[in-house]
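The values are calculated or read from the model by the stated rules, or taken from the named source; none is laboratory data. Given the structure is predicted, the values throughout are model-derived calculations rather than measurements. We place every Cβ from the backbone using ideal geometry, glycine too, and count neighbours over all the protein chains shown.
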Amino acid sequence: MAEDNEWTEARDSLVRMVTDLGFPEDLGHHMARMLGSPKAIRRMTKYLEYERPKDIETAVDEMLAICGEIDSWKDKKDSEEANTAYNEVLRYGLDGRRDLTIRRCGPRSPIRIPRRCTRPRPTHPP
């Protein structure tokens, strides 16, 4: 319930700031939906508070920049997790003892590398 309250407070604060600047209230609601998290919404609110853009285009451009940074961060995290799983495959092989699951940011489901996909391990001389 506290999480819902956090979202509501962040959204209401953004909408209030947007209307204070003379922009339509719907713009604030749409920005909150596009930004997608209370932290991003608060970041946008602080930008509007300190910069006080004169036109809607500048505010929307900043919103798109924040969304782009969030997407880049998510892609980076996805790449890091995929790289970690790949390195574990290299280290332990597909029949290794580790559970190889790649967790992804966002609504996408995890990729699971099943253990039963095995190949012979190379033998090393003693």
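Can you name every residue in the range 1-36 that is over 16 Å from I66 (Cα atoms), under 20 Å from the mean Cα position of the chain (by Cα) and charged (D, E, K, R)?
Listed by number, the residues that qualify are E3, D4, E6.
Within the range 117-124, can one find any residue that is modelled with pLDDT under 90, in contact with a helix residue (DSSP H, G or I) (Cβ under 6 Å, 6 or more places away or on another chain), farther than 17 Å from S13 by Cα and among the charged types (D, E, K, R)?
No, because not a single residue in the range 117-124 is modelled with pLDDT under 90, in contact with a helix residue (DSSP H, G or I) (Cβ under 6 Å, 6 or more places away or on another chain), farther than 17 Å from S13 by Cα and among the charged types (D, E, K, R).
Counting just the residues of the range 37-58 that are hydrophobic (A, V, I, L, M, F, W, C) and under 20 Å from E9 (Cα atoms), which one comes out farthest from the chain's Cα centre (by Cα)?
L48
Of these, N87, N83, which one is at pLDDT 90 or above, part of a helix (DSSP H, G or I), more than 30 Å from D4 (Cα to Cα) and out of contact with any Lys or Arg (no Cβ under 7 Å at 6 or more places or on another chain)?
Only one candidate passes the filter, namely N83.
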